[in-house]
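Structure first, commentary second.
The values are calculated or read from the model by the stated rules, or taken from the named source; none is laboratory data. No experiment lies behind these values; they were computed from the predicted model shown. Methodologically, a virtual Cβ is constructed for each residue, glycine included, from the backbone with ideal geometry; neighbour enumeration extends over all protein chains shown.
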Amino acid sequence: MNREFINIQDFTILIEEAQADKALVDACYFDEPVIAVAFYGSGNVHLEVDYTDDKAQFDYTKGLALSFYANEKVQFVHHIDSDRPLECLVIATALRNIEQLPEQENALFHELLGALTNAKENYVSGPSFFMSAAMQQILDQIFRNQLQGKAKMMFFRSQITALLAHFFGELSISQKQSLSNDTLARLEKAREILQDQMENPPSLNELSREIGLNANKLKKTFKEHFGLPVFKYLHQERLNKAHELIRSQEMTVQEAAWQVGYDSLSSFSNAFAKKFGYRPSEIRP
């Protein structure tokens, strides 16, 4: 388990990573009331939020942006396994700091997270959604960052600001344009199919039939919900999966390329470098 705390002005950043050969449980809590947003990267840990006599559970966390209010009586529990590694970044600010934020930031919290700024319970769940491709790319860069010292802090400040800006931007859009629960469920099924079959994915028409959504609506709503067209999203997921396999030393570069559906090692290496800024052979475990 790697856990790092970074303080940036009135925000505390918690970065957690964990891989396990066997099932393990990690629990944490805040020592004062906070409003926070948790961003989940690779892996798909099960999350339980224990508060007073109740419990909230999240079974699918990969790609999730989850906002909440919590005080010191709330415990967050991650269930980690060999095929469910943890990548979680939490941006939190103490409730007492909200009114001290710059005017524009203060307004965003009150307008879009009003239920959290006026929380009366130990735990209040705020808006949550699956991140856009732009947000996922920022999160990937944070977890793949190899900078040190002052350069690392400069990098974190810029990326955290960008991630929060995207979060509030997506939240603002989602409050104006919402998809039905049925459509959202079908889109989540489509994403699971793409992730499970990335080596040999279905065609758009095959995917459309499998989830029960016509191809035109699938194309439109998938991009609207996830921020990328279907197969550009698949391309990004392939590279994310390959990075995870290589970094964990689970596979060689060649094996990872084949595993995610690349026949050409040079094409894989070029696409990888374009996304992450360095070649797969340069990954440090």
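Collect the residues in the stretch 215-230 that are over 22 Å from GLY63 (Cα atoms) and touching a helix residue (DSSP H, G or I) at 6+ places or on another chain (Cβ under 6 Å), keeping them in residue-number order.
Scanning the stretch 215-230 gives a single hit, ALA215.
Run LYS275 past the list (1) at pLDDT 90 or above; (2) farther than 19 Å from ASP196 by Cα and report the number of the one that doesn't hold.
Exception for LYS275: condition (1).
Can you pull out every residue in the stretch 1-11 that is touching a Ser or Thr at 6+ places or on another chain (Cβ under 7 Å) and closer than 27 Å to GLU103 by Cβ?
If the condition is that a residue be touching a Ser or Thr at 6+ places or on another chain (Cβ under 7 Å) and closer than 27 Å to GLU103 by Cβ, then ASP10, PHE11 are the ones that fit.
Yes/no per residue for (1) surrounded by 14 or more Cβ atoms within 10 Å (Cβ to Cβ); (2) in the same structural domain as PHE58 (by TED's automatic domain parsing); (3) out of contact with any Gly (no Cβ under 6 Å at 6 or more places or on another chain); (4) under 20 Å from ASN240 (Cβ atoms):
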{"site": "SER132", "(1), (2), (3), (4)": "yes, yes, no, yes"}
{"site": "MET135", "(1), (2), (3), (4)": "yes, yes, yes, yes"}
{"site": "PHE143", "(1), (2), (3), (4)": "yes, yes, no, yes"}
{"site": "GLY149", "(1), (2), (3), (4)": "no, yes, yes, no"}
{"site": "SER158", "(1), (2), (3), (4)": "no, yes, yes, no"}
{"site": "LEU163", "(1), (2), (3), (4)": "yes, yes, yes, yes"}
{"site": "HIS166", "(1), (2), (3), (4)": "yes, yes, yes, yes"}
{"site": "SER172", "(1), (2), (3), (4)": "no, yes, yes, no"}
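Given GLU250, GLU192, GLU199, which one is of a type outside the set (Ser, Thr, Tyr) and in a helix (DSSP H, G or I)?
Going through GLU250, GLU192, GLU199 in turn, the sole match is GLU192.
Residue pairs, Cβ under 8 Å, 6 or more apart or interchain, first in the stretch 134-150 and farther than 24 Å from PHE168 by Cα, second part of a loop (DSSP other than H, G, I, E, B) and of a type in the set (Lys, Arg). List them.
If the second residue must be part of a loop (DSSP other than H, G, I, E, B) and of a type in the set (Lys, Arg), the pairs left are GLN146/ARG284.
So for the stretch 255-275 (the condition being within 21 Å of the chain's Cα centre (by Cα) and touching a residue at least 60 places away in the same chain (Cβ under 8 Å)), does at least one residue qualify?
Yes: the stretch 255-275 contains one or more residues that are within 21 Å of the chain's Cα centre (by Cα) and touching a residue at least 60 places away in the same chain (Cβ under 8 Å).
For the structure I just gave you, tell me whether VAL34 is crowded, with 19+ Cβ neighbours inside 10 Å and in contact with a helix residue (DSSP H, G or I) (Cβ under 8 Å, 6 or more places away or on another chain).
For VAL34, the condition - crowded, with 19+ Cβ neighbours inside 10 Å and in contact with a helix residue (DSSP H, G or I) (Cβ under 8 Å, 6 or more places away or on another chain) - is met.
Looking at (1) more than 20 Å from the chain's Cα centre (by Cα); (2) of a type in the set (Lys, Arg); (3) surrounded by 17 or more Cβ atoms within 10 Å (Cβ to Cβ), which is the one condition that is false for LYS62?
In the conditions (1) more than 20 Å from the chain's Cα centre (by Cα); (2) of a type in the set (Lys, Arg); (3) surrounded by 17 or more Cβ atoms within 10 Å (Cβ to Cβ), LYS62 misses (1) alone.
Out of (1) in contact (Cβ under 8 Å) with a residue 60 or more places away in the chain; (2) in a helix (DSSP H, G or I), what's the single condition that is false for GLN159?
(1)
Just give me the residues in the stretch 136-192 being closer than 22 Å to HIS235 by Cβ and basic (Lys, Arg), in sequence order.
Correct list: ARG144, ARG186, LYS189, ARG191.
Have a look at GLU17, GLU87 and point out the one that is crowded, with 21+ Cβ neighbours inside 10 Å, in the same structural domain as THR117 (by TED's automatic domain parsing), within 15 Å of the chain's Cα centre (by Cα) and within 23 Å of LEU163 (Cα to Cα).
Of the residues listed, the single one that is crowded, with 21+ Cβ neighbours inside 10 Å, in the same structural domain as THR117 (by TED's automatic domain parsing), within 15 Å of the chain's Cα centre (by Cα) and within 23 Å of LEU163 (Cα to Cα) is GLU87.
Sort out which residues of the stretch 253-284 are touching a Ser or Thr at 6+ places or on another chain (Cβ under 8 Å) and part of a loop (DSSP other than H, G, I, E, B), and write them in order of number.
Scanning the stretch 253-284 gives a single hit, ARG279.
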